[in-house]
Amino acid sequence: MPSNLPKPALFLTAIFAFLGFADAAYLTADHYLAVPLPCSLTQGCDVVLNSQYATVGPVPVALLGALYYLAAFFLAIYIFSSESPKVSAARAIQGLSGLGLLASVYLVYLQFEIIRALCMYCLISATMTLLLFLSSSWLASRMSRQAKLPA
Amino acid sequence: MKNKGNATVWFAAGFIVIATVVVIIAAVVSSGSLNNNPDGTAPAPAIAADDWVRGSRDAKVTLIEYGDYQCPACATYEGLLSDVLPNYEGEVLFVFRNFPLYTIHPNAGISAQAAEAAGLQGKFWEMHDMLYEKQQEWSLTPTNRVVADNFDSYARILGLDLDKFHEDMNSDQVLRKIKGEVDGANAIGVGRTPTFYVNLQQIQNPANAAEFKAILDNALEPA
């Protein structure tokens, strides 16, 4: 771990990524394993819930979310365990969570305006992504500022 | 020495992630296994004295709906039923039982309570119809405001005593009735809303009014 690492920013980034991962992993497990409780127009067809928006092709959005949080989490661990400052890794988390934020805005819009049903775990995920974006931006700006300072 | 420290960090991170996944899978599996009858073959509980019914209790055919007032599909079926049921006066008894999908519809529980509370003032079906008719209006209101912002005005339109309406909504009687219906539905494996039972046997949700009529006609035919 580099001695001048902005620890609070890194710590928050890892925590938000981890919480987001746990949340998305729960939704993924629920998608594959649990008995669904949909509100549906025809039997066995989850039209009204969010099935048409809950998957991209055969892949559930929740799984994509879990992988994205996991990547952010391991990038944070990578920064923590590296001996030299890894500004690019911090930028990668920031970029990932920026994309995640755009996706979250769209998904929250879908819940409010199109599906007209709110999923608490999805809203938690959107919040985690917002927090992750803020903390990783903080981390990236602190690390890149420090990298420019003369050693 | 440094490498050893790094390995420990990676090991701990990997362990935490794997442990989290295992705990989540175990939790989801155990909650999913609560469904006793996923294929829907168990009969619905018989019509009870405290069931809300439309039509004659002597009717030959019973149609039970397990519904959720915040479920858009249930609102669609409400429209379908209001076209179909008038054709079967005296022949079909319609029963509505609550099955609020608490996890996906934050206002499902409170709306069920509102309908039940209206029922204690003799206006169950009026509130039932109004909740479905105005579903878009109240669905997205935050749960802590939905009574004041929406349901109170419906109660006023129906001429309900507001104080009693509020009191009844959270009364033991109302909460117990809803819980009883939810427990009953879980016991027979109701997995979605709306779920319909004709003569206590689950049916596939009909796609349109004509299919609904065909099912009821079939049930009315002498065996």
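Summary of computed values
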{"read-out": "Neighbour cut-off at most 14 other Cβ (10 Å), DSSP loop, trypsin sites (Lys or Arg not before Pro), region B:131-188", "value": "B:ARG145"}
{"read-out": "Intensity falloff of region B:38-220 expressed as log10 I(q)/I(0), Debye formula with alpha-carbon point scatterers, at q = 0.08, 0.20 Å⁻¹", "value": "-0.23, -1.48"}
{"read-out": "Antiparallel bridges, percent of DSSP beta bridges restricted to region B:38-220 (to nearest 5)", "value": "60 percent"}
{"read-out": "Sparse-neighbour loop sites [chymotrypsin sites (Phe, Trp or Tyr not before Pro); region B:122-166; at most 13 other C-beta within 10 Å; DSSP]", "value": "none"}
{"read-out": "Chain B: DSSP helices with Cα axial extent of at least 15 Å and average Kyte-Doolittle hydropathy no lower than -0.5", "value": "B:2-32, B:72-84, B:108-119, B:209-220"}
{"read-out": "Partner chain coverage, peptide B:85-97 - average Cβ within 10 angstrom", "value": "0"}
{"read-out": "P(r) weight above 20 Å for region B:21-141, C-alpha pairs, percent", "value": "53 percent"}
{"read-out": "Sum of -39500 (n - 2.57) over DSSP H runs of 4+, divided by residues of the protein assembly as shown (222 nm, nearest 500)", "value": "-19000 deg cm²/dmol"}
{"read-out": "Long-range HN-HN contacts of B:THR195 with modeled amide H, under 5 Å", "value": "B:TYR66"}
{"read-out": "Net charge, B:ASP50 excluded, C-beta distance under 12 Å - Lys, Arg +1, Asp, Glu -1", "value": "0"}
{"read-out": "Per residue convex hull volume, Cα atoms of the protein assembly as shown, in Å³", "value": "154 Å³"}
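Just so you know, all these numbers are worked out from the coordinates, no wet-lab data involved. Just so it is clear, the structure is predicted and the values come from calculations on it, not from any experiment. Cβ coordinates were reconstructed from backbone atoms using ideal geometry, including for glycine residues, and neighbour counts include every protein chain displayed.
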